[in-house]
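Note sheet for the following structure.
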Amino acid sequence: MYPRTCLQHSNSSAKLSEMNNDYFTVIGGKKLTGTIAVHGAKNFALKALAASLLFTGKVTIKNAPRIEDIFRTIELLTHLGVTATVRAHTVTLDPSHITSTKLDPNIAKKIRASVVLAGPLLARMGTVHLPHPGGCVIGKRPIDLFLEGWRCMNANVRESKSGYTIHTKKLRGCDLTFKQVSVTATESLMMTATLAHGKTILRNAAREPEIPALAEMLNTSGARITGAGTSTIEIMGTGGKPLTHGTCTVIPDRIETGTFLILGALLGSPITITNCDPHHLDVPIQLLKEAGVPITCGKNWIKVTRPKVIRGVDMQTREYPGFPTDLQAPFVVLMTQAEGESLIFETIFEGRLSYTEELRRMGAHIHISDPHRAIIHGPTALRARDIESPDIRAGLAFLIATLVAHGTSKLRTVYQIDRGYENIEERLNKLGAHIKRIS
Ligand code: EPZ
């Protein structure tokens, strides 16, 4: 269900609906050519929505992607008393009257990003009930770093069957070293610390581009955050005073950019990706060039062509600026079409190679040597199949695989793809793909 306000004001197609049963039929083997524009970053827009809880006045988020995870997060916010309107790609929020401090468990179990709302809500209201967060099944995904951070800031955490109740009389800044680099824990504690009393230092912080973007959004509204984008972030808290009005423009989605880049490496003749920031993908671009893929970059565009021969290269996923784990699955599809052997080492999540089983059924030669490592021998022709999207990123990797495979495939559970990519079939069809959504 959409927040009613969204439905009233939305002026683009009302295709999205909760947990739709849509599927795609895909006729593969077609070359793709033309220009495709990148939308706003899901993983920044989600945090900008969460950050709205730190404000008492209107918050405007421009260039927000119209995707399921964004709509679900808006629903979570409306359950807390925030009013929201969505017009095209602009979300306007009024968080002046928070009426609940309990995150809706039915929505929270669908998206992991629900945990990101807890920090700002705690900072604003002094208490929050966080149901056990859900999201993509790609590994254990504990939240110990968040809990440790809130405890360090003078909050009390109580765990029960239904989740966590976190409470504080007064949030105090602290000096915290993350034992592991975590994107959402960094963002969450940076937001919590924004309204705390005194100074917080976050060490061994994540450095993903979405983090300085979030700091900029908060700083332009009066927060005092320095070092975001480096591994040490300092936040001088406002002493309990909420921020007033906020506005931001969502940065380009680097994962969508990288996915189109890989698609272009497989089928581009050529494709040009616009509205992107090539520097956010320095490592993937370097690796693709090593694989023999011709790539030219401008300030905010990338042109990519399928080479005669793709070479097999080894890849390890790493925290930014390393190769993003969210591009691992599409990269594996690329390597199934590459000459020779490639070793893929997934260092971030232990459950993020299970989708390869389906690629094997499509004809790929992939050997899983342990939960973190896959060895691929290529190239192998992929066969069209009837498959299901397991999560956002593997779902899109399957869509790419079906576009490469000759014949007609059926891709089910398209909802997973809708969680992260807006109108993907229409956008790819403009490049020459044959994807049909069956509702
Ligand atoms: C963010 O997830 C992204 N999600 C993920 O995007 C992305 O894959 C991931 O970062 C890595 O880049 C959002 O931004 C909403 P982590 P996050 O905490 O923050 C361990 C997508 O498809 N860890 O950086 O949950 C964890 O198990 C997705 O868009 C702890 O041990 O990832 C993992 O091994 C899915 N304790 C490692 O840290 C904690 O308390 C890094 O994960 C938290 C994390």
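Looking at the chain alone, DSSP beta bridges between its own residues are antiparallel in about 70 percent of cases.
Extension gain for K299 to K62 (0.36 nm times residue separation, less C-alpha to C-alpha distance): 83.2 nm. For S389, nonlocal amide neighbours, meaning residues 5 or more places apart or on other chains whose placed amide H falls under 5 Å from its own, are R412, T413.
Sort D418, D282 so that the residue with the fewest other Cβ atoms within 10 Å of its own Cβ comes first and the one with the most comes last.
Taking fewest neighbouring Cβ atoms as first place, the list is D282, D418.
Ranked by the mean number of other Cβ atoms within 10 Å of their residues, highest first, the peptides 253-260, 224-231, 70-77, 109-116 come out as 253-260, 70-77, 109-116, 224-231. Taking amide H atoms as placed 1.01 Å from N in the peptide plane, the amide H of R311 lies under 5 Å from those of G292, E339, each 5 or more residues away in sequence or on another chain. Rounded to the nearest 5, what is the percent of antiparallel bridges among the DSSP beta bridges in the range 42-249? Among the beta bridges of the range 42-249, antiparallel pairing accounts for roughly 70 percent.
Compared with the dominant principal axis of the Cα atoms in the chain, helix 183-194 is inclined by about 20°.
For helix 114-125, report the angle its Cα long axis makes with the longest principal axis of the Cα atoms of the chain; keep it between 0 and 90° and round to the nearest 10°. For 114-125 against the chain, the angle is about 20 degrees. Only one residue of W150, V183, T92 has its Cα farthest out toward the positive end of the dipole of the range 42-249, where Lys and Arg carry +1 and Asp and Glu -1 on Cβ, and that residue is W150. Judged by the ratio a/c of the largest to the smallest principal axis of the C-alpha gyration tensor, the range 42-249 counts as rounded, that ratio being less than 1.5. When the chain is described by a simple charge dipole with +1 on each Lys and Arg Cβ and -1 on each Asp and Glu Cβ, the residue from I262, Q416, P379 located farthest towards its positive end is Q416.
Would you mind classifying the chain by shape? Square roots of the alpha carbon gyration tensor eigenvalues, ordered a ≥ b ≥ c; an a/c under 1.5 is rounded, otherwise it is prolate if a/b is larger than b/c and oblate if not. Prolate, since a/c reaches 1.5 and a/b exceeds b/c. Taking amide H as placed 1.01 Å from N in the peptide plane, the amide H of A228 sits under 5 Å from that of E234, each at least 5 places away or on another chain. Using a ≥ b ≥ c from the Cα gyration tensor of the range 308-425 (square roots of the eigenvalues), is it rounded, prolate or oblate, where a/c under 1.5 gives rounded and otherwise the larger of a/b and b/c decides, a/b for prolate? Since a/c reaches 1.5 but b/c is at least a/b, the shape of the range 308-425 is classed as oblate. Computed from label points 7 Å out along Cα-Cβ, the spacing between E357 and T127 is 4.4 nm. The calculated 222 nm mean residue ellipticity attributable to helices in the chain amounts to -9000 deg cm²/dmol, summing -39500 (n - 2.57) over DSSP H runs of n ≥ 4 and dividing by all residues.
On the beta carbon distance between M236 and N429, with R0 = 51 Å, the FRET formula returns roughly 0.55.
Computed from the coordinates by the stated procedures, all read-outs in this text should not be read as laboratory data. Computed from a predicted model, the values in this text were never measured in an experiment. FYI the Cβ positions are ideal-geometry reconstructions off the backbone, even for glycines, and counts take in every protein chain you see.
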